[in-house]
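One structure is given here, and the rest of the page talks about it.
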Amino acid sequence: MIEIQPTIAQILKNMHIKQLNPMQVATIEACDVAQDTIVISPTGSGKTLGFLIPVFKYLDPQILDVQALVIVPSRELALQIEQVFKSMKTGFKVNCCYGGHEMAVEENNLSQPPALLIGTPGRISDHISRQNIQLNHIKIFVLDEFDKSLEMGFQEEMAFISKSLKNIEKRILTSATETVLIPDFTGVGKNPTKLNFITQSDSKLILKTLTNEGNDSKLETLYKLLCHIGKDSVIIFCNQRDEVEEVSKYLTSERIINNNFHGGLEQNYRESTLIKFRNGSNNVLVTTDLAARGLDIPEVKYVVHFQIPPKEDAFVHRNGRTARQTASGTALIMLKKDDFLPDYVKSTPEKMILTNKNNLHEKPEWETLFLGGGKKDKINIIDIVGFLSKVGGLTKDELGLIEVKDKNAYAAVKRNKIQALVEKVRYEKIKGVKIKIEIARDNPKVDL
């Protein structure tokens, strides 16, 4: 049982945040008084913390059961929210459930119920059907990026979950889209408190088009574009998984370091892909709209629409990966000679002119080291920094972002140092434990 709950100021200190942004303040204030709150705010604006603080304030340490439920469209978003809540250090237990995760592990976790449960619609509805979750004490219900869940076809599961929750006192719905209807099954009343921060965005998005030149194919034009961009980070969006695979395979054949990302890939590969993109080991991500929002990845300089999305919402969400929080960024639409811009593009984009067309694409300065031990082995970031510095001989500027998971860890190391480092530390122990240490490899597996 939790004896002393942290204050909001202590939570922010735990998270190394000086102050909340206006959207987060408004969300917390609205949730304090409103039964139903709808928050519409751009991707990357901090909605997660905005709703997690009201969730925390609603939790009762006397109740040893699930009290808050957060539904999300993807497993990556579920894991991200879980990590944010853990970083708040509230003392309350949190778990997440999602497709691709072992059901037996989740059932074991739910046997000692968390105060906060996060999950995808399909998996949560499955647990409810199996009676693995006691619903009586769930009083606060969050549908994060709910429009994306609807878009992905989870309406039936979401309706089942919502109708199963009989004692809800507060609902929070979040979206990055303005023009979205609230389904009746959510239980939201006729007069919810609605916060719209879309129109208040001061982002500086530069919209450009790039058309194939001469006899170049679209893939050849993309290659020249990436050589033009250089080391800047870029997300390349396609409409289908097959196109993602084709583009990624072509870029690999041209010796451009990249990763692909879509819903058909194995979870471990998807997780390592995002880690590499965050730490700068890979600056080129080829993806479907799965990466358009709800993922913990850094802001990028370029968004490339290799395929134009059929709907305006997808276009807006893709573009939301750049030009965040008053920063500038470029969204680039790739066209064939006979292509036309969709009607939803209202402004006239600039035309992209490529220079240095014959340059080779530069490799990222970082590469990722995999360590086969993590939190469950009592290994933390400080342990890894000490090990790689003292045993591996790395200097401070040769070691980049480190992420420690439950069973393994990843560290960014300067590309020109990593091979010698692996040879040096391969047979050494961290905290007396012998673990696998190697360069993180790409081995995507597709879920059947």
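The values are calculated or read from the model by the stated rules, or taken from the named source; none is laboratory data. Keep in mind that this is a model prediction, so the values were computed, not measured. So basically every Cβ, Gly included, is an ideal-geometry build from the backbone, and we count neighbours across all protein chains shown.
Observations on the structure shown:
- The stretch 18-43, residues that are in contact (Cβ under 8 Å) with a residue 12 or more places away in the chain and either assigned to a loop (DSSP other than H, G, I, E, B) or among the charged types (D, E, K, R) (or both): 20, 21, 32, 34, 35, 36, 41, 42, 43
- Lone qualifier among 190, 166, 170 - being of a type in the set (D, E, K, R), assigned by TED's automatic domain parsing to the domain that holds residue 56, under 26 Å from the mean Cα position of the chain (by Cα) and farther than 30 Å from residue 349 by Cα: 170
- Of the residues making up the stretch 251-271, just one is surrounded by 23 or more Cβ atoms within 10 Å (Cβ to Cβ) and part of a helix (DSSP H, G or I), namely 270.
- Filtered residues of the stretch 227-268 (kept if of a type in the set (Ser, Thr, Tyr), touching a residue at least 24 places away in the same chain (Cβ under 8 Å) and closer than 22 Å to residue 414 by Cα): 233
- Any chance residue 296 is in a helix (DSSP H, G or I), touching a residue at least 24 places away in the same chain (Cβ under 8 Å) and of a type outside the set (A, V, I, L, M, F, W, C): no
- Where strands (runs of 3 or more DSSP E) fall wholly inside the stretch 192-244, the ranges with 2 or more residues that are at pLDDT below 95 are 193-196, 204-211.
- Test: residue in the stretch 51-69 that is touching a residue at least 40 places away in the same chain (Cβ under 8 Å), of a type in the set (Ser, Thr, Tyr), in the same structural domain as residue 142 (by TED's automatic domain parsing) and under 23 Å from residue 178 (Cβ atoms): no
- Filter result for residue 140 (touching a Pro at 6+ places or on another chain (Cβ under 7 Å) and of a type in the set (A, V, I, L, M)): no
- Subset tally (residues that are of a type in the set (S, T, N, Q) and buried (at least 18 other Cβ atoms within 10 Å of the Cβ)) for the stretch 110-125: 2
- Note on the stretch 253-274: residues that are of a type in the set (D, E, K, R) and within 13 Å of residue 241 (Cβ to Cβ) total 1.
Table: residues versus (1) more than 30 Å from residue 408 (Cβ to Cβ); (2) out of contact with any Phe, Trp or Tyr (no Cβ under 8 Å at 6 or more places or on another chain).
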residue: 282; (1), (2): no, yes
residue: 308; (1), (2): yes, no
residue: 334; (1), (2): yes, no
residue: 345; (1), (2): yes, no
residue: 369; (1), (2): no, no
residue: 372; (1), (2): no, yes
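- Sole residue being of a type outside the set (Lys, Arg), over 23 Å from the mean Cα position of the chain (by Cα) and at positive phi, chosen from 294, 393, 386: 393
- Tally of residues being modelled with pLDDT under 95 and of a type in the set (Ser, Thr, Tyr) across the stretch 112-153: 1
- Some residue of the stretch 174-182 being part of a strand (DSSP E or B), at pLDDT below 90 and β-branched (Val, Ile, Thr): no
- Test: residue 47 is under 24 Å from the mean Cα position of the chain (by Cα) and of a type in the set (D, E, K, R): yes
- Of the residues 62, 83, the single one that is within 16 Å of the chain's Cα centre (by Cα) and either of a type in the set (D, E, K, R) or modelled with pLDDT under 95 (or both) is 83.
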